[in-house]
Amino acid sequence: MIRKLNFEDINSFIKIRLESLRVNPEAFLTTYDEDHCHDLKAITEKFEQHNENNFILGKFVENELVGIVGLFREQRIKTLHKAMVWGVFIKEEFRGKGYSRDLMDECLRLAKTLEGLELINISVVSENQRAFKLYKSLGFDEWGFEKNAMKHNGIYYDEYFLVINLW
């Protein structure tokens, strides 16, 4: 089952978000130590901002949250036509079952219902070729590449930037 996360899911979200930063630190811009999930007040405020334009979807298996994806729509008038997918993660033991595709399909389906939304951006580290191939198969087109985009524990990571047109 895939659904939007709500206040009742905060603890499960915090747990999986911190796991994502611990298990795949190279895949995310923020680090385990600096992520706001350590602050329950901050994460509660983030959930209060959720609406049709800003949400987190969760993939549940037998009532366990095993995967997440977020959508954030730009807030400024000149950029309201754009959104960004963020935080895509599936727990290690649930990978290879198509759950990332399921989450992304639902995210895109919901995004297409948002009036005036035309573009969705996503980025992925070059080492994560499975995710890169998934995004390409969903219709995302590469528009940029940044060498040494991130540095973690002395290792540089390159990053692809992709976009999908909803119209």
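The values are calculated or read from the model by the stated rules, or taken from the named source; none is laboratory data. Nothing here was measured: the structure is a model prediction, and the numbers come from that model. Cβ placement follows ideal geometry from the backbone for every residue including glycine, while neighbour counts extend to all protein chains displayed.
Here are a few things to note about the model shown:
- The one condition in (1) within 17 Å of Leu166 (Cα to Cα); (2) in contact with a helix residue (DSSP H, G or I) (Cβ under 8 Å, 6 or more places away or on another chain) that Lys59 fails to fulfil: (1)
- All of Arg101, Arg109 fail the test of being in contact (Cβ under 8 Å) with a residue 24 or more places away in the chain, outside any strand (DSSP E or B) and basic (Lys, Arg), apart from Arg101.
- Candidates in the range 41-68 are the residues that are part of a strand (DSSP E or B) and within 17 Å of Leu114 (Cα to Cα); of these, the one that is modelled with the lowest pLDDT is Asn51.
- For Phe89, the conditions (1) modelled with pLDDT of 95 or more; (2) on the phi > 0 side of the Ramachandran plot; (3) surrounded by 18 or more Cβ atoms within 10 Å (Cβ to Cβ) are fulfilled apart from (2).
- For Phe72, the stated conditions hold: it is surrounded by 15 or more Cβ atoms within 10 Å (Cβ to Cβ), out of contact with any helix residue (DSSP H, G or I) (no Cβ under 8 Å at 6 or more places or on another chain), under 24 Å from Asn165 (Cα atoms) and among the aromatic types (Phe, Trp, Tyr).
- Among the criteria (1) under 21 Å from Asp105 (Cα atoms); (2) surrounded by fewer than 15 Cβ atoms within 10 Å (Cβ to Cβ); (3) among the hydroxyl-bearing types (Ser, Thr, Tyr), the one Tyr135 does not fulfil is (2).
- Residue match in the range 152-164 (condition: touching a Leu at 6+ places or on another chain (Cβ under 8 Å), surrounded by 15 or more Cβ atoms within 10 Å (Cβ to Cβ), of a type outside the set (Ser, Thr, Tyr) and without any contact (Cβ under 8 Å) to a residue 40 or more places away in the chain): no
- Here is the figure for the range 136-166: residues that are in a loop (DSSP other than H, G, I, E, B) and within 18 Å of the chain's Cα centre (by Cα) total 4.
- Lys133 being within 15 Å of Val88 (Cβ to Cβ), without any contact (Cβ under 8 Å) to a residue 24 or more places away in the chain and not in a loop (DSSP other than H, G, I, E, B): yes
- When residues of the range 89-98 are limited to those that are out of contact with any helix residue (DSSP H, G or I) (no Cβ under 8 Å at 6 or more places or on another chain) and in a helix (DSSP H, G or I), the one farthest from Lys133 (Cα to Cα): Glu93
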